[in-house]
């Protein structure tokens with residue numbers, strides 16, 4: 001039995017490495033994806049194009065506006081004289097944020113009345129808008145506090161009341177600069193491995209079936225289980241190789257740290273590969289043509305991406321979708337990858353995810369082997 | 001000539017309508033994608049899992065904590081007794097944010113000294129962390145001000161300290177609730193159309209070439225140009241149909257508004273389909289097997305997605321990547337879909353994007369026709 005499996009393994013490896021195109025296919029797409037994600041996928045908000053109109057022309061209003069000019073978060077692209085002009089700037093997408101200081105701002109401030117500042121923001125990209133608004137809030141808050149201090153010192157010569165202030169000490173753990181790259185690079189390892197392994201496995205079998213060589217193999221003395229093992233073992237090794245390749249690119253090229261234990265990641269990856277191989281095999285038992293196998297990416301791989309926490313936080317999804325994420329192997333693998341890369345946590349923290357992956361992997365692989373046997377009969 | 005084009009057109013439509021699987025693959029993936037993104041793709045942060053360590057046990061510290069629970073943005077999942085409890089909650093991923101109030105918080109506030117509040121945040125998901133920190137800042141700011149007013153009124157019976165209040169009036173345009181769904185649904189219209197049209201086009205020709213029927217067609221009196229038109233016209237109609245279907249589903253199911261002029265979207269969509277179909281044809285001249293056509297998704301479609309502004313804003317990408325977005329048809333089309341859906345702008349604002357799409361479409365088409373003729377020789 002081991003010898004027959006070995007024969008299939010050798011055949012598969014030969015096929016994978018046979019021509020330039022297949023070698024190219026294994027190496028280049030993952031690296032391209034990694035580079036694009038590393039460079040292009042950033043949620044950080046800086047240099048927001050900002051239009052400003054100051055209808056108050058007071059020292060106070062100038063100070064407030066200067067707060068925006070000196071912040072690297074905002075880039076003042078237009079200083080308008082009417083509020084219509086800033087509205088036009090937003091309409092034509094010349095500016096994402098517009099600050100309108102109405103006449104009477106300083107007077108109200110001096111009288112101790114609420115002094116309104118209007119902020120228009122292009123809400124089309126809701127995420128950018130949300131983050132930009134919180135920066136606007138920060139700058140306005142800082143202006144308020146400074147003005148308060150100034151006022152207290154000027155107005156009250158007697159017993160001074162220093163302005164009370166709760167100072168915020170923000171300590172982002174694991175990613176001190178809140179760099180999106182640190183979030184995405186480990187995630188890309190998971191999504192790429194999933195896509196590559198599922199597709200390689202599914203296509204390898206569907207192609208043999210479509211061309212008819214699957215039947216030829218089945219008339220040899222090999223048993224279905226041996227065939228499945230021989231077919232999937234090479235992809236398991238390919239998967240491990242891909243993870244290594246992408247992880248090294250990410251850490252060396254983008255400087256994303258790997259603070260955890262490589263053995264923990266290896267264990268997690270192995271368990272994850274069980275699920276992906278099972279999934280690929282399952283797809284191959286359902287699809288009869290390569291085109292269908294291709295389309296399975298829409299039905300299976302894309303939903304797995306979206307519901308994994310790869311870019312969208314699971315905790316903000318509706319309850320029903322959150323429930324689905326529990327049977328998504330990628331969800332657990334992303335926790336393991338990010339946990340080992342950034343947090344440096346070990347099995348004591350990650351064991352529930354490992355266990356879930358193992359259960360999913362064995363379940364999927366078992367189901368697909370049963371179906372595969374049937375599909376041969 | 002018209003007769004011959006019509007014959008091909010009829011053949012293509014027949015092929016499509018005969019094939020149940022083909023019809024299914026036209027309808028189901030777009031709807032699945034739309035539903036997934038509509039429900040799961042949210043960057044909003046609500047009910048952030050929060051751990052609290054209150055070492056001050058004062059009225060002030062309790063008030064501050066209840067300001068967090070009262071905001072609806074934070075959900076306190078653990079009240080820890082010591083630092084270890086907090087560390088553990090963040091390490092295990094149970095809490096994304098931890099508030100630490102050190103002893104002496106209230107005393108410092110009463111004395112008018114700066115009172116620090118330590119906020120630990122899990123930076124693994126940098127975007128969530130950024131948004132959560134923004135909310136923390138707002139809550140602390142409001143608390144500070146309220147406390148200041150209270151203190152001023154109590155402590156100083158004489159001349160009242162004036163309290164400065166800058167009231168921020170936030171006016172998000174085009175998406176008043178800053179709902180991510182409004183951002184993603186018009187985007188999905190673009191990405192789904194690109195994927196399905198490029199792949200349908202590429203596969204339609206590569207499959208005929210692989211099976212050998214392309215050569216059979218070429219020995220008929222039809223000219224390459226006529227074949228192209230006959231082959232691509234149905235795809236154009238499918239593309240228009242898909243956009244219409246997604247638009248209606250997005251509006252009815254998700255309540256995303258369409259405030260613009262449908263005709264503007266129609267013109268933009270037609271130009272975009274011209275580019276997508278040309279891209280599909282170009283891929284078909286490069287690839288000889290269906291597997292290669294499939295792999296082109298990695299090389300072509302995924303980079304186009306990433307560099308389109310579909311999820312991450314173009315303005316914060318590195319300059320070299322931003323330059324690439326100028327030859328990306330999807331980045332123009334997304335400006336058009338979002339512009340017509342949400343902003344309601346017309347040709348007056350969108351003409352540069354339309355022009356760019358037209359230029360890209362014609363350029364790609366010209367290149368394709370040149371290559372297509374050669375690939376037949």
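The values are calculated or read from the model by the stated rules, or taken from the named source; none is laboratory data. In this text the structure is predicted, and so the values were computed from the model without any measurement. Reconstructed Cβ throughout: ideal geometry from the backbone, glycine too, with neighbour counts over all protein chains shown.
Taking the criterion of being more than 31 Å from the chain's Cα centre (by Cα) and more than 7 Å from every other protein chain (Cβ to nearest Cβ), the residues of the stretch A:136-150 that qualify are A:142, A:145, A:146, A:149, A:150. Considering only the stretch B:315-331, I want to know if a residue exists there that is touching a strand residue (DSSP E or B) at 6+ places or on another chain (Cβ under 8 Å), more than 17 Å from residue A:91 (Cβ to Cβ) and surrounded by 16 or more Cβ atoms within 10 Å (Cβ to Cβ). Within the stretch B:315-331, one or more residues are touching a strand residue (DSSP E or B) at 6+ places or on another chain (Cβ under 8 Å), more than 17 Å from residue A:91 (Cβ to Cβ) and surrounded by 16 or more Cβ atoms within 10 Å (Cβ to Cβ). Given the criteria at the interface with chain A (Cβ under 10 Å from one of its Cβ atoms) and part of a helix (DSSP H, G or I), does residue B:303 qualify? Yes: the conditions hold for residue B:303. Of the residues that sit in the stretch A:1-45 and are more than 10 Å from every other protein chain (Cβ to nearest Cβ) and not in a helix (DSSP H, G or I), which one is farthest from residue A:177 (Cα to Cα)? Out of the qualifying residues, it is A:1. Yes or no: residue B:28 within 10 Å of another protein chain (Cβ to nearest Cβ), part of a helix (DSSP H, G or I) and surrounded by fewer than 20 Cβ atoms within 10 Å (Cβ to Cβ)? Yes, satisfied. Among the residues of the stretch A:46-66, those that are surrounded by 19 or more Cβ atoms within 10 Å (Cβ to Cβ) and either assigned by TED's automatic domain parsing to the domain that holds residue A:188 or not in a loop (DSSP other than H, G, I, E, B) (or both) comprise A:48, A:49, A:50, A:51, A:52, A:53, A:54, A:60, A:61, A:64, A:65.
Select from the stretch A:126-135 the residues that are touching a residue at least 12 places away in the same chain (Cβ under 8 Å) and in contact with a helix residue (DSSP H, G or I) (Cβ under 8 Å, 6 or more places away or on another chain) and write down the one among them that is farthest from the other protein chains (Cβ to nearest Cβ). Per the stated criteria, the residue is A:135.
Please indicate, with yes or no, whether at least one residue in the stretch A:327-344 is within 7 Å of chain B (Cβ to nearest Cβ) and either within 17 Å of residue B:35 (Cα to Cα) or surrounded by fewer than 22 Cβ atoms within 10 Å (Cβ to Cβ) (or both). No.
Condition check for residue B:103 on (1) in a loop (DSSP other than H, G, I, E, B); (2) more than 30 Å from residue B:187 (Cα to Cα); (3) in contact with a strand residue (DSSP E or B) (Cβ under 9 Å, 6 or more places away or on another chain): one failure, at (3).
For the stretch A:345-354, the candidate set comprises residues that are part of a helix (DSSP H, G or I) and farther than 18 Å from residue A:308 by Cβ; within that set, the residue that is farthest from the other protein chains (Cβ to nearest Cβ) is A:347. Scanning the stretch A:89-104 for residues that are more than 8 Å from chain B (Cβ to nearest Cβ) and either touching a helix residue (DSSP H, G or I) at 6+ places or on another chain (Cβ under 6 Å) or surrounded by fewer than 22 Cβ atoms within 10 Å (Cβ to Cβ) (or both) gives A:94, A:95, A:97, A:98, A:100, A:101, A:102, A:103, A:104.
Can you find even one residue in the stretch A:289-297 that is at the interface with chain B (Cβ under 9 Å from one of its Cβ atoms) and either within 15 Å of residue B:36 (Cβ to Cβ) or not in a helix (DSSP H, G or I) (or both)? Outline the logic, then answer.
Looking only at the stretch A:289-297, we keep the residues that are at the interface with chain B (Cβ under 9 Å from one of its Cβ atoms), and these are A:289-295, A:297.
Going one step further and asking which of them are either within 15 Å of residue B:36 (Cβ to Cβ) or not in a helix (DSSP H, G or I) (or both), we end up with A:289, A:297.
Yes.
When the stretch B:35-64 is filtered for residues that are in a helix (DSSP H, G or I) and either within 8 Å of chain A (Cβ to nearest Cβ) or within 16 Å of residue B:132 (Cβ to Cβ) (or both), the ones remaining, listed by number, are B:36, B:37, B:39, B:40, B:64. Residue-level analysis places residue B:217 outside the set of residues that are surrounded by 22 or more Cβ atoms within 10 Å (Cβ to Cβ), under 16 Å from residue B:11 (Cα atoms) and at pLDDT below 90.
Go through B:20, B:73 for me and flag whichever is touching a residue at least 60 places away in the same chain (Cβ under 8 Å) and more than 7 Å from chain A (Cβ to nearest Cβ).
Only one candidate passes the filter, namely B:73.
Does at least one position in the stretch B:79-94 carry a residue that is away from every other protein chain (no Cβ under 11 Å) and within 30 Å of residue A:297 (Cα to Cα)? No - not one qualifying residue is present in the stretch B:79-94. Could you tell me whether residue B:232 is closer than 21 Å to residue B:30 by Cβ, modelled with pLDDT under 90, in contact with a helix residue (DSSP H, G or I) (Cβ under 6 Å, 6 or more places away or on another chain) and not in a loop (DSSP other than H, G, I, E, B)? When the stated conditions are applied, residue B:232 passes them.
The listed residues are B:335, B:327, and the only one of them that is part of a loop (DSSP other than H, G, I, E, B) and in the same structural domain as residue B:250 (by TED's automatic domain parsing) turns out to be B:327. Residue check: is residue B:115 more than 8 Å from chain A (Cβ to nearest Cβ), in contact with a helix residue (DSSP H, G or I) (Cβ under 6 Å, 6 or more places away or on another chain) and in a strand (DSSP E or B)? So residue B:115 does not fit the description; no. Once the stretch B:67-79 is narrowed to residues that are at pLDDT 90 or above and buried (at least 20 other Cβ atoms within 10 Å of the Cβ), the residue that is nearest to the chain's Cα centre (by Cα) is B:74. When the test is whether a residue is at pLDDT below 85 and in a helix (DSSP H, G or I), residue A:242 does not pass it. When the stretch A:67-79 is limited to residues that are in a loop (DSSP other than H, G, I, E, B) and in contact with a helix residue (DSSP H, G or I) (Cβ under 9 Å, 6 or more places away or on another chain), the one that is nearest to residue A:189 (Cα to Cα) turns out to be A:73.
Kindly evaluate residue A:309 against the criterion of being surrounded by 15 or more Cβ atoms within 10 Å (Cβ to Cβ), at the interface with chain B (Cβ under 10 Å from one of its Cβ atoms), touching a helix residue (DSSP H, G or I) at 6+ places or on another chain (Cβ under 8 Å) and on the phi > 0 side of the Ramachandran plot. Spelling it out, residue A:309 is indeed surrounded by 15 or more Cβ atoms within 10 Å (Cβ to Cβ), at the interface with chain B (Cβ under 10 Å from one of its Cβ atoms), touching a helix residue (DSSP H, G or I) at 6+ places or on another chain (Cβ under 8 Å) and on the phi > 0 side of the Ramachandran plot. Taking only pairs six or more apart or across chains, which ones have beta-carbon atoms under 6 Å, a first residue in the stretch A:98-124 that is more than 30 Å from residue B:313 (Cβ to Cβ), and a second residue that is assigned to a helix (DSSP H, G or I)? If the second residue must be assigned to a helix (DSSP H, G or I), the pairs left are A:105/A:61; A:106/A:60; A:109/A:60; A:115/A:105; A:115/A:108; A:115/A:109. Out of everything in the stretch A:22-35 that is under 17 Å from residue B:321 (Cβ atoms) and crowded, with 19+ Cβ neighbours inside 10 Å, what residue ends up being modelled with the lowest pLDDT? Step by step, filter the stretch A:22-35, then rank; the result is A:33. Among the residues making up the stretch A:105-125, a single one is more than 7 Å from every other protein chain (Cβ to nearest Cβ) and part of a loop (DSSP other than H, G, I, E, B): A:113. Residue B:221 meets each of the listed conditions (1) assigned to a helix (DSSP H, G or I); (2) farther than 20 Å from residue B:370 by Cβ apart from (1).
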